[in-house]
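The numbers here are math on the coordinates, done by the rules we state, and not lab data. What you see is a predicted model; the values in this text were computed from it and never measured. FYI the Cβ positions are ideal-geometry reconstructions off the backbone, even for glycines, and counts take in every protein chain you see.
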Amino acid sequence: MPAPASSPSAATRDLSWLGLMRLAPAHTAATAAWAVAAAGVSLLLPAVSAHAVDQVLTNRAPGLTLAALTGLLVSRVLAEAYGGLARVAATTRVAASLRYRLLRHVFALGVPGLRRHVAGDLVTRLTGNATTSASAVPALVNGVVTVITSLGGLIALWLIDWRLGAVFLTGVVPAVLLLRLLMNQVTSRYGEYLERLGTIAGRLTDALSGSRTIRASGTTRREVGRVLAPLPDLARSGRGIWEVQRAVSWQVNLVLTGIRVLALAVAGFGVAGGRISPGDFLAAALYLTLALGFLNQVDTLIYLADARANADRILEVLAEQPRVHAGRLRGLPAGPGALSFRRVSVRLCDQVVLDRVDLDLPAGAAVALVGKSGTGKTTLALLAGRLLDPDEGEVLIDDVRVDALDPARLRREVAYAFDRPVLLGGTVREALSYGRPEAAAQEVERAARIAQAMDFIGRLPDGFDTPLADAPFSGGELQRLGLARAVAHGGRILVLDDATSSLDTVTEAKVANALTDGLTGRTRLVIAHRATTAARADLVAWLESGRIRALASHHTLWAAEPDYRAVFAAEPGLDEEDA
Amino acid sequence: MSRVQVHRAGYALLLGELRARRRALVRIVLWSVVESLPSLLSGLVVAAALDRFLARDVAAGLGVLAMLLASAMVGAIAARQMYPWLAEVVEPVRDAFITAVVEGTMVAATRSPTRPDTAGVARLTEQVQSVRNILFVLLRTVRQVAFTFVAALVGLSVLAPAAALVSGALVALALALFALLLPGLAVRHKAALLAEEEVARRAGDAFGGIRDAIACAAEDRAVAEVGRAVEDEVALDRALARATALRSVIVFIGGQLPLVVLLVAAPWLLREGYLTVGEVVGAATYLTVSLEPALRSIIGAVGSWGLDLVVTLGRLGEGFADPEPPEKGSTPAEDRYDLTVHGLTFAYGPGAHPVVHDLDLTVPEGGHLAVVGPSGIGKSTLANLLAGLLTPQHGDVLLGGVDIGRVRETDLRRMLGLIPQEAYVFAGTLRENLTYLAPHATERELTEAATAVGLQPAIDRLGGFDAQVGVGGADLSNGEKQLVALARVYISPARIVILDEATSNLDPMGEARAEAAFSRRQGTLLVIAHRISSARRADLILLLDGDSVHLGTHDELMRTSVLYADLVGHWEVSGLASTSTPGPEDLLRTANI
């Protein structure tokens, strides 16, 4: 699979009906073909049945006609069966295509895109919205074929006797108007119903988010009552829908029977006048049913409108442009790993987070990045691996601009350890080698040892091969695993974003020692909130109000600047920055 | 509940509700019989009318057709009368399911200490709605079709008994084949549903880990993981479709074969005088206009909607609440509220590292304790243990000398007030939110509490205690929500107040004011510190540092614990007092200066 493209083609964003059909052209065409075949047979059947009846009644041998009739019936069965298969094939293929596109696009949008979308909302778009949009494609095809079939039925009626056609048309117009009126009422009542249902769902979500308070207050019963308070209103809305459905049922059925009786009466006159044979009388009754078939498509129209809304929700995300443009340089020339930021500015939500920052990290050095919460430390760190792009300025690794490099190649060289890592992969081993699947077992174990994670991995039922789902980890264990993953990742630069905040003193000291001993030569950018962490570094970069206020050793700064000391009298473990 | 009970809970609820509405169901059946009158008569009428028209007796033919119209009107009236009874059955079933689902979710969420799954709420409401819709379709459409079917069969047997016999036999064969097909369909249907849920789960994992996947240059891997689940779902959906396609064959056997048989036998029937022309046409009408579409509808509906219902009922039933366990404690609380902890040990799993190990602690009445330590080390767990919301593996927590596990639940909840970091402000007035734990609080007490914790500016901004807040009401900042939660507990009769980082969204001054208010208030205060400044204000500080635990005043800890000094922002080049924990000297030696 190619890496996420820099800009989506127009085809990706075309989710009109035609665009959806183009996602599974062969299956959609097959659905249409089988539907047409079944419709064609349906249109022929009444005529052939009529012919057979007439032959029987006039004592002519009906053998051939009956054979034809049986043949038609069998073909219709086959057409319906294969049509059903084609329909499901089309739906599944369209849904799968939509899902792939959405997935790849969200990854292409990257970290900046996370700001706009909550994971849960994206999952709904991927599952529910994609399925509903996809199932509209065959529904549309079938709807069109049904309408054409109805037209065919009307023509056939006309062919039997023009009076039948005329009666049908005069009768059908009020039926359509009535149906339209009633359907509008159904949709508005249903909208109200769904809104009330949404209120209850909203209250439940609310209560769940406060579950700890409810638990501590012992008020579960009371809260259940509060969530269910709108239930009587919901029931009232529900009954309202039933009222309209009731009207639809008896009124529409009566009108349809009226049309039928009228048409049969006209046909009866035809039989009495010798214009229409008994067989044709039967055929008229059957064609009438076909011609009335288009009235069922009113439901389909509502369904299509709903599916349209669903497709639009997916389109919303696909229309966003990713900001990261891929460079093309395939390799970073060998180098010691010097990281430079030149006049880098970043603006988030109209606020200046970084303001023309100049910072040079010498190769192989461990540099601590300190500053009060919200000063942009994490933002600066994200620039190194192009998880974020600066609005102005450039970031260089060994004098090569990072945006000139192929992103995958760049990220091989920059490893990240986060304060709240998310582990991906099936087993612990896969999680640790996620960035480098080709890593040998010894390298993975060495990384785990450096990150002080061997003790608790050893205690897991299958050790490194334990599935992640079977092993809930504490905050400190999770951080150590994230650290091990970063160590195993390799590369010239290691960024630690508050990656030891959940560790106790002893473990943190061990980790610090192990990193210094085990990763000599790797440049390290360490975001720190504690004085001891800053003290261990070679240099400290002090970030204040979006600018580097000083770059010196911790010792020097501590002795000379009271403002510097004030930075560390800050909140431990607080992270107000938006990543 | 046992596995079988869980599996059956959904069906049990549905059947129970239906049983409770027997009268309505009987009425529905009776009206349905009347409603299907037109279907019963249709073939007969067509037969009779055609015969009359063939005999050129137009008037009689029209008269017969008029009878059909009349029967249609009767049917319409019957439908009109029946609908309220349908509503009477379906709506309460939906209500019962929503109640069960809400209870189940809430009880499950409040019984376990882990974060609840709010994404599941969307799924649940979809499923309950699905149950209602399916019942709606089954009761409206399938019922109508079923009665139409039976009526047509009756009509056919009146018109042409032989045809009815043949048709009936073939229909019975078709239904038998369908019954054999159903279990296989159900299995595949459930597999397809589970595959869809797997896609949702993997997509959730992938979207939650985008930052990490990109940092590891492994986006392709993450996408492929979800892609595999998508392909699995496609395969299972198509397998289901293949099994479903057999339905067409079954409909052919039961619906269309009889017509062929009739037409093949027609010459002989007519010759022998068993049937008139009209009767042949009438029988053909029954078969093609009524029976075949009805059979197709029933098989279609049961095969899809019916299976949907079965699978959804099963899934919903899994979320219903277990019956309430018997109350753990029954001892009424003492008047004293000092807290004593002996040898407290707690770990989340059998092999896991203990969060607290052999902890001894005494907090006298009116004391003020702060708990500090690195994030994620277990401070909230300790708060839960002290509040009796978690049971330790070893050791005990005594409230006024009584084991906290044995105190009566209602007394315990009244005496202990725990405020978590996520403040709970529900949709309602400010007054309702504030008097949540103290329904009889007076206006004066409310104002006093608001002023004490610093909520008064927010109240002035919103316009008084009767302002609507929460979902659908005025917007409150995170800090203001925390102030509401603080004021709520302030007014309550709680004697031991535990603030679990409950001031994290307030600025340092607001935090100091709130803590001071609780300190002044009669009772014990336990603060899980968010800012280290909370520790300075406390009488006693408990420092959690992995395996070691330090207890002392601010000055004592500054002298004895490197971590505490570090957390306070203190750092010495030399001269740290020796401690029992290894490492501090190592830290100094490895500092690269």
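Of note:
- A straight Cα-to-Cα reach below 12 Å connects B:Lys190 with the aspartates and glutamates B:Glu233, B:Asp237, B:Asp308, residues fewer than 8 places away in its own chain not being considered.
- Inter-label distance for A:Val422 and B:His440, nm, one decimal - labels placed 7 Å from Cα along Cα-to-Cβ: 5.1 nm
- Cα-Cα separations in chain A greater than 45 Å, expressed as whole percent: 43 percent
- Counting only DSSP beta bridges whose two residues both lie in the protein assembly as shown, roughly 50 percent are antiparallel.
- Percent RCO, i.e. relative contact order, over chain A, from Cα pairs under 8 Å lying at least 6 residues apart: 15 percent
- Among residues other than A:Gly463 with Cβ under 11 Å from its Cβ, the summed charge is -1 (Lys and Arg +1, Asp and Glu -1).
- The mean number of partner chain beta-carbon atoms within 10 angstrom of a residue's beta-carbon across peptide B:48-54 is 6.
- Radius of gyration and Dmax over the Cα atoms of segment B:217-298, both given in Å: 24.3, 85
- From the C-alpha gyration tensor of the protein assembly as shown, square roots of 5λ in Å: 72, 36, 24
- Per residue, the convex hull spanned by the Cα atoms of chain B amounts to 230 cubic angstrom.
- Averaging 1/r over every pair of different alpha carbons in segment A:354-469 and inverting the result gives a Kirkwood radius of 16.8 Å.
- Order of A:Ile160, B:Ile253 - criterion: other Cβ atoms within 10 Å of each residue's Cβ, fewest first: B:Ile253, A:Ile160
- Placing a pseudo-label 7 Å from each Cα along the Cα-to-Cβ vector at A:Asp462 and A:Asp350 gives an inter-label distance of 5.3 nm.
- Those residues of segment B:25-63 whose amide nitrogen sits under 19 Å from the label point placed on A:Thr58, 7 Å along Cα→Cβ: B:51, B:54-56
- Under the span-like rule (Cα at least 30 Å along the axis, Kyte-Doolittle mean at least -1.0), DSSP H helices of chain A: A:25-57, A:63-114, A:130-160, A:162-209, A:297-318
- Cα-based helix-to-principal-axis angle, B:161-208 vs chain B, degrees rounded to 10: 20 degrees
- Centroid-to-centroid, using Cα positions, segment B:441-468 and segment B:177-199 are 57 Å apart.
- Within chain B, percent of DSSP bridges classed antiparallel, to nearest 5: 50 percent
- Restricting the calculation to Cα atoms, segment A:10-318 shows an Rg/Rh of 1.11 when the hydrodynamic-style radius is the Kirkwood one.
- FRET E, pair B:Asn478, B:Gln456, Förster distance 22 Å, beta-carbon r, rounded to 0.05: 0.75
- Relative contact order [Cα under 8 Å, 6+ residues apart], chain B, whole percent: 14 percent
- Estimated FRET transfer efficiency (B:Ala516, A:Ser16; beta-carbon r; R0 60 Å; 0.05): 0.40
- Set of lysines near B:Lys379 by C-alpha distance (under 29 Å), chain-local residues within fewer than 8 positions excluded: A:Lys372, A:Lys377, A:Lys510, B:Lys328, B:Lys481
- C-alpha long axis of helix B:119-137 to longest principal axis of chain B, angle in °: 20 degrees
- Rounded to the nearest 10 degrees, the inclination of helix B:3-20 to the longest alpha-carbon principal axis of chain B is 60 degrees.
- Within segment A:406-532, all pairs of alpha-carbon atoms sorted by distance into 10 Å bins from zero give the percentages 13, 49, 32, 6, 0.
- Cβ-based exposure ranking for A:Trp34, A:Trp158, in which fewest neighbours within 10 Å come first: A:Trp158, A:Trp34
- Per-pair calculated FRET efficiency, R0 = 45 Å: B:Val34 and A:Ala67 via Cβ, rounded to 0.05: 0.60
- Relative contact order (percent, whole number), segment A:192-343, Cα cutoff 8 Å, 6+ residue spacing: 16 percent
- Cα-based Rg and Dmax for segment B:3-318, where Dmax is the largest Cα-Cα distance (Å): 25.9, 88
- Burial ordering of A:Asp391, A:Asp206, fewest other beta-carbon atoms within 10 Å first: A:Asp391, A:Asp206
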